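Everything below concerns the one structure shown next.
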Amino acid sequence: MLLFMVMCLFIFSMAGCTPTKSKDAGQGSSPELINVKTAVLRGPTAVGMIKMMDEKPSLGDNVKVDYLIEQNPDTLSAKLLTGEIELATIPTNMAAKLYNKGAGYQMAAMNTWGVMYVLAQGVTIDNWKDLRGQQVDAAGQGAASDLVFKYLLAKNGLDPEKDLTIKYIASPVEQAQLAIAGKSRITVLPEPWISTVINKNQDMQIVLDMQKEWTRINGAEVPFAQTCLVVKTDFASQHPDIMARFLQEYAKSLAWVNQNTADAGDLVKKHDIGIPADVAAAAIPRLNLKYMSSIEAKTAVEKYLQVLLEFSPDSIGGKLPDAKFYYQK
């Protein structure tokens with residue numbers, strides 16, 4: 001009888017240790033879905049990511065990437081300040097400003113090394129000194145592109161306030177329209193407006209390349225670091241594998257765009273990022289697209305931000321970002 005009781009106790013205790021099957025048993029538990037919101041600005045900063053936006057390469061079995069096209073920097077900046085975006089392509093000075101505000105984003109990589117040019121018609125401009133005494137149309141007074149233009153003028157011995165007249169136009173759209181209509185002799189514009197103007201007014205030609213002048217002054221190893229990719233710091237630290245895969249695919253996308261300008265132009269039209277296919281194809285070689293990790297690009301970025309800081313501290317948030325600004329694996 002004693003032995004029988006011991007055996008019963010043993011059986012009951014084993015039954016209590018056996019996991020209870022739930023109604024979902026056998027189906028397996030699904031891993032948590034990771035949503036990655038990636039934003040690009042409508043226009044040239046989106047071109048380098050167009051292959052990724054079209055193919056949506058996998059970043060993992062449980063990873064979903066949403067590609068968002070934002071209409072202007074202010075809208076995108078607001079979303080970044082609230083932390084609702086994981087990755088975004090934005091102007092480098094905007095990235096520094098966000099970091100200095102404590103918004104929680106780092107520069108993940110460089111993608112665009114300058115898209116600014118000087119066009120002219122009916123006047124001979126062979127070098128920067130030929131701008132002396134001229135009226136030059138520009139947009140975005142106090143913007144980063146305006147500050148870089150003034151920096152290059154100063155490096156060529158020209159006082160932007162005294163040696164020429166900079167006439168500020170309301171927007172690049174209106175500026176391009178004036179150039180197309182032959183009502184602007186000299187104008188400073190970014191791509192893709194350069195290609196748009198040249199396509200419609202063949203008398204207007206590129207006379208000065210701001211990217212080449214920047215490297216002439218600062219050295220080929222310090223190119224014009226105009227636009228970058230930023231990442232939410234918490235996301236990057238929590239998901240290093242996803243981040244590594246994203247950067248790998250982004251580098252491939254940038255390289256593909258450079259090598260397939262016509263096909264890239266078609267994708268730009270397909271995804272409606274604000275540039276006609278033929279204009280995009282013509283503009284891509286002048287977008288200076290090239291992937292570079294944040295650490296590799298640090299010297300160039302610091303030089304660019306230092307120039308902006310000297311002209312307008314507020315343009316980068318009042319100071320140079322510290323070393324934590326530059327994401328590394």
- Query: Taking the stated definitions as given, is Ala96 on the phi < 0 side of the Ramachandran plot, of a type outside the set (D, E, K, R) and surrounded by fewer than 23 Cβ atoms within 10 Å (Cβ to Cβ)?
  - Reply: no
- How many residues are closer than 22 Å to Asn35 by Cβ and in contact (Cβ under 8 Å) with a residue 60 or more places away in the chain when one looks only at the range 66-94? 9
- Has the range 201-222 got any residue that is touching a helix residue (DSSP H, G or I) at 6+ places or on another chain (Cβ under 6 Å), assigned to a strand (DSSP E or B) and hydrophobic (A, V, I, L, M, F, W, C)? no
- Hey, does the range 37-52 have a residue that's more than 13 Å from the chain's Cα centre (by Cα) and more than 22 Å from Ser294 (Cβ to Cβ)? no
- Which of the residues spanning the range 182-200 are in a helix (DSSP H, G or I), of a type outside the set (A, V, I, L, M, F, W, C) and crowded, with 21+ Cβ neighbours inside 10 Å? Ser195, Thr196
- Message: Quick check on Ser253: is it within 27 Å of Asn156 (Cα to Cα) and in a helix (DSSP H, G or I)?
- Response: no
- With criteria (1) surrounded by fewer than 17 Cβ atoms within 10 Å (Cβ to Cβ); (2) assigned by TED's automatic domain parsing to the domain that holds Ile50, Gly142 comes up short on (2)
- Message: Given the options Ala255, Ala244, Ala220, Ala264, name the one that is of a type in the set (A, V, I, L, M, F, W, C), modelled with pLDDT under 95 and out of contact with any Pro (no Cβ under 6 Å at 6 or more places or on another chain).
- Response: Ala220
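With respect to Ala88, is the statement that it is within 16 Å of Leu229 (Cα to Cα) and assigned to a strand (DSSP E or B) true?
Details: within 16 Å of Leu229 (Cα to Cα): yes; assigned to a strand (DSSP E or B): yes.
The answer is yes for Ala88.
The values are calculated or read from the model by the stated rules, or taken from the named source; none is laboratory data. Since the model is a prediction, treat every value here as computed from it, not as a measurement. All Cβ positions, even for glycine, are placed from backbone atoms using ideal geometry, and neighbour counts span all protein chains on display.
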